[in-house]
């Protein structure tokens, strides 16, 4: 039986101050609706909820962050890089994707430095890009599971061969007459 990541073990989070546009994108996609999707209009609300999630190898967490987040109580814009750092410090295996209406090379470059999976532009192909990135992440995670399973089977086979050789050697010295032709 192959181990594969099931859709009910994939959690997709969106952090965007314009949650109505994300809701509209999700409603148009049957693929996105087949996962556990949550939308947050404030990054602080997401981080509070995300802190309560225990990291697990069985769960896949994918976070999509808008490059334009909310304004904090002091009137300052929340920086996407700060949110990315907090997510990665809590669970380094979480895949984070930044999306934006514009091409901000400095933010994207810094985001890659801090472990973002990719950056996508929010345009007419946005939904397709979301779906393809999700499929790509799940495919990579499934490949890692298959590789780990293959390594385990190989290790068990080597252990079996080693035990068989030791057992035959012990039997040869204890009962040499069994091995006479």
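The values are calculated or read from the model by the stated rules, or taken from the named source; none is laboratory data. These figures come from a predicted structure and were not determined experimentally. Methodologically, a virtual Cβ is constructed for each residue, glycine included, from the backbone with ideal geometry; neighbour enumeration extends over all protein chains shown.
In the list 24, 31, which residue meets the criterion of being at pLDDT 85 or above, over 28 Å from residue 73 (Cβ atoms) and part of a helix (DSSP H, G or I)? Don't jump to the end; show me each part of the working.
Values: 31 fails: at pLDDT 85 or above.
After applying the criteria, what remains is 24.
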Please specify each residue of the stretch 82-102 satisfying the condition of being farther than 27 Å from residue 139 by Cβ and touching a strand residue (DSSP E or B) at 6+ places or on another chain (Cβ under 9 Å). 101, 102
Residue identified as over 22 Å from residue 131 (Cα atoms) and under 19 Å from the mean Cα position of the chain (by Cα) among 52, 93, 76, 33: 52
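Can we say residue 136 is touching a residue at least 12 places away in the same chain (Cβ under 8 Å) and either surrounded by 12 or more Cβ atoms within 10 Å (Cβ to Cβ) or not in a helix (DSSP H, G or I) (or both)? Don't jump to the end; show me each part of the working.
Details: touching a residue at least 12 places away in the same chain (Cβ under 8 Å): no; either surrounded by 12 or more Cβ atoms within 10 Å (Cβ to Cβ) or not in a helix (DSSP H, G or I) (or both): yes.
It is false that residue 136 is touching a residue at least 12 places away in the same chain (Cβ under 8 Å) and either surrounded by 12 or more Cβ atoms within 10 Å (Cβ to Cβ) or not in a helix (DSSP H, G or I) (or both).
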Can you find, within the stretch 59-73, the residue that is nearest to the chain's Cα centre (by Cα) among those that are in a loop (DSSP other than H, G, I, E, B) and farther than 26 Å from residue 32 by Cβ? 72
Starting from residues that are in a helix (DSSP H, G or I) and buried (at least 17 other Cβ atoms within 10 Å of the Cβ), keep the ones in the stretch 36-46 and report whichever is farthest from the chain's Cα centre (by Cα). 43
Tell me, please, whether a residue that is buried (at least 18 other Cβ atoms within 10 Å of the Cβ) and farther than 24 Å from residue 37 by Cβ can be found in the stretch 115-130. no
